[in-house]
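Just below is one structure, and these are the notes that go with it.
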Amino acid sequence: MIIVFCGPPASGKSTIARKLAEKLENSKLVSSDEFKRKTYKRMFAETEKWAGKVKYLILNGTFYKREWRDGIKRIAEGKGEGAITFFITCSLDTCLKRNESRKNQIEEKAVRIIYGQMEKPEDQYSLIDTDVLSVDEAIEAILKILSAGPNFKNSVLLKS
């Protein structure tokens, strides 16, 4: 299973992806933060390398362009793997505040650009609003969705 975390910078993707990887046995986390250049070309190469070799391949990046997510989906299909996208989001104000407190800040202009250009997923995804859900609540919801397997339907994860 390939799990894609996408969303604007400082929305909580990395924290959620890292904690999920710790909870899932036989998982591999690949983060766009690991690459300085040719980020998505390298993400595709890592996906090719790891798909089918671990039970859960977790990909963490903004993936703000649909074409990048579609590229991962094509690789998954070619490897006979299932793929699911979790769109991690929050308000622009929250992204900017969280970015300010980061050790490795992104330029505010870049955060605003990516936030504004984010092409939201359309098929087989769940939206996780980190203005509403804590990291632990998001992880719990993700684990429930993953346990549903092929019966998964698009969803918006909010507190009840």
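The values are calculated or read from the model by the stated rules, or taken from the named source; none is laboratory data. Computed from a prediction, not measured in an experiment: that's the story for all the values here. Cβ atoms come from the backbone with ideal geometry, glycine included; neighbour counts cover every protein chain shown.
Criterion applied to Thr85, Thr94, Thr89 was being closer than 12 Å to Ser11 by Cβ, modelled with pLDDT under 95 and not basic (Lys, Arg), and the one residue passing it is Thr89. Among all residues of the range 54-66, there is at least one that is more than 22 Å from Arg37 (Cα to Cα) and of a type outside the set (A, V, I, L, M).
Candidates in the range 1-18 are the residues that are under 13 Å from Ala138 (Cα atoms) and outside any loop (DSSP other than H, G, I, E, B); of these, the one that is nearest to the chain's Cα centre (by Cα) is Phe5.
Which ones in the range 45-68 are touching a helix residue (DSSP H, G or I) at 6+ places or on another chain (Cβ under 7 Å) and free of Cβ contacts under 8 Å to residues at least 40 places away in the same chain?
Glu48, Trp68
Among the residues of the range 120-139, count how many are among the hydroxyl-bearing types (Ser, Thr, Tyr) and touching a residue at least 60 places away in the same chain (Cβ under 8 Å).
Residues flagged as among the hydroxyl-bearing types (Ser, Thr, Tyr) and touching a residue at least 60 places away in the same chain (Cβ under 8 Å) within the range 120-139 amount to 1.
Any idea which residue in the range 62-72 is nearest to the chain's Cα centre (by Cα), counting only those that are within 19 Å of Ser31 (Cβ to Cβ) and of a type in the set (D, E, K, R)? Quick ask: steps written out before the conclusion?
Of the residues in the range 62-72, the ones within 19 Å of Ser31 (Cβ to Cβ) are 62-65, 68-69, 71-72.
Then keep just the ones that are of a type in the set (D, E, K, R); that gives 65, 69.
Details: Lys65: 13, Arg69: 10 Å.
Filtering the range 62-72 for residues that are within 19 Å of Ser31 (Cβ to Cβ) and of a type in the set (D, E, K, R), the one nearest to the chain's Cα centre (by Cα) comes out as Arg69.
Rundown of residues vs (1) among the hydrophobic types (A, V, I, L, M, F, W, C); (2) in contact with a strand residue (DSSP E or B) (Cβ under 8 Å, 6 or more places away or on another chain), yes/no style:
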residue: Phe5; (1), (2): yes, yes
residue: Pro9; (1), (2): no, no
residue: Lys23; (1), (2): no, no
residue: Ala45; (1), (2): yes, no
residue: Gly52; (1), (2): no, no
residue: Ser91; (1), (2): no, no
residue: Thr94; (1), (2): no, no
residue: Glu100; (1), (2): no, no
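Among residues of the range 124-153 being surrounded by fewer than 13 Cβ atoms within 10 Å (Cβ to Cβ) and at pLDDT below 75, the one that is nearest to Pro9 (Cα to Cα) is Lys153.
Pairs linking a residue in the range 98-119 that is farther than 15 Å from Gly61 by Cβ to a residue that is assigned to a loop (DSSP other than H, G, I, E, B) and at pLDDT 95 or above, with Cβ atoms under 6 Å and 6 or more positions apart or on different chains, are Arg98/Ala10; Asn99/Ala10.
When restricted to residues that are closer than 13 Å to Leu92 by Cβ, of a type in the set (A, V, I, L, M, F, W, C) and over 14 Å from the mean Cα position of the chain (by Cα), the range 108-149 contains 4.
Restricting attention to the range 48-68, does a residue exist that is in contact with a Cys (Cβ under 9 Å, 6 or more places away or on another chain) and more than 21 Å from Thr130 (Cα to Cα)? Taking every residue of the range 48-68 in turn, at least one turns out to be in contact with a Cys (Cβ under 9 Å, 6 or more places away or on another chain) and more than 21 Å from Thr130 (Cα to Cα).
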